[in-house]
Amino acid sequence: MNEDDERWRVRFDAEVTFAGGGSLQTQGFLLDVTDPEADDPELADLFVRRLGLPKVDKVRISGRRSLREPHTGAWGATGPRRTAHRRTVDLSHSIRHGMITYPGVPGPEIGDHLSREASRAHYGPGTEFAIGRISMTANTGTYLDAPFHRFGDGADLAGLPLSGLTDLDGIVVRVLGTDRRAVDRELLLPHDVTGRAVLIHTGWDRHWGTEQYGSGHPYLTADAAAWLVEQRAALVGMDSLNIDDTEDGARPAHTTLLAAGVPVVEHLCGLEQLPPHGFRFHAAPPAVEEMGTFPVRAYALLDDEAVEGDDRGQDQ
């Protein structure tokens, strides 16, 4: 393989502080570069522009390592998988035994229906299988809400068309660097959301697994939800505890979006790995009848060429 068949990437940790307050941390971020010897300020500038981060005060880069990688192939078990010039970015929390997603909702119970040891009595010598068992509430991990979650006559999981959950043109709306919990309509207005999966990046996923995750979270206002419906967004996701303010029992964002047939994905993570646009979003649950919520493996596919050629930071 000659050097023309390879590209350089830099893996690094970054800590971002915003002029309006707040911060963002990411570990093991991968960034395509043309010059592997670029200094930290150049790398920080490229990182900020690539993700379209607003009102950045400082960026601290650490643990950087330059890596030469083929144009095609797999990155490996610990990084994004790349095939035919595409990268896969996982946007889901892993589910584990006893994990708490939402305060007051019990965590999943994961165990064996048939253990490997017990299975040996059923198969030939040297052959064993494990058949697992999981008992959990539907609101576990990263999950999708269908209209049936809010409305008894709404479409359940089995009634949602796959075309509305997979291979969606995606856009990230970044609302970092502010003390405001409410994500209002004015923050969405600059973006073209029609027909797109709109992923709202608040950075709240940094609190996942802590008590702080369960209170004081960012949320979508009623006006913002109404605007997304007016603009015909295909799906709305958020990296927060709830797309609604949990102190508001009317749940206006859920009510407005699900009444219009717009699926909602909650508890996303890793949105800092995505560019503002130029990716495809996927979040399909199993087709369960008479159920309105279920965990998904949400992920995004990025065309490397589109990412490398796009430094605009936000939709024009």
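The values are calculated or read from the model by the stated rules, or taken from the named source; none is laboratory data. It should be emphasised that the depicted structure is a prediction, and the values quoted were computed from it without experimental measurement. Neighbour counts are summed over all protein chains in view; Cβ atoms, including those assigned to glycine, are modelled from backbone coordinates with ideal geometry. Protein only, heavy atoms only, side chains kept; ligands, DNA and RNA dropped before computing areas. Shrake-Rupley method; radii C 1.70, N 1.55, O 1.52, S 1.80 Å.
Scanning region 181-195 for residues that are without any contact (Cβ under 8 Å) to a residue 60 or more places away in the chain and either open to solvent by 50 Å² or more (accessible area, probe 1.4 Å) or among the charged types (D, E, K, R) (or both) yields a total of 6. Among the residues of region 235-264, those that are open to solvent by 30 Å² or more (accessible area, probe 1.4 Å) and of a type in the set (A, V, I, L, M, F, W, C) comprise 250, 259, 260. Consider region 164-180 and keep the residues that are at pLDDT below 95 and out of contact with any Ser or Thr (no Cβ under 8 Å at 6 or more places or on another chain). The one that is surrounded by the fewest Cβ atoms within 10 Å (Cβ to Cβ) is 179.
Residues in region 143-153 that are open to solvent by 20 Å² or more (accessible area, probe 1.4 Å) and either touching a residue at least 12 places away in the same chain (Cβ under 8 Å) or within 20 Å of residue 232 (Cβ to Cβ) (or both): 148, 149, 150, 151. Pairing each residue of region 211-225 that is closer than 9 Å to residue 253 by Cα with any residue that is crowded, with 24+ Cβ neighbours inside 10 Å and among the small types (Gly, Ala, Ser), provided the two are 6+ apart or on different chains, yields C-beta distances under 9 Å for 219/240; 219/253; 220/240; 220/253; 221/253; 222/253; 224/253; 225/253.
The rows are residues; the columns are (1) part of a loop (DSSP other than H, G, I, E, B); (2) in contact (Cβ under 8 Å) with a residue 12 or more places away in the chain; (3) in contact with a helix residue (DSSP H, G or I) (Cβ under 8 Å, 6 or more places away or on another chain).
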position	(1), (2), (3)
103	yes, yes, yes
107	yes, yes, no
121	yes, no, no
134	no, yes, no
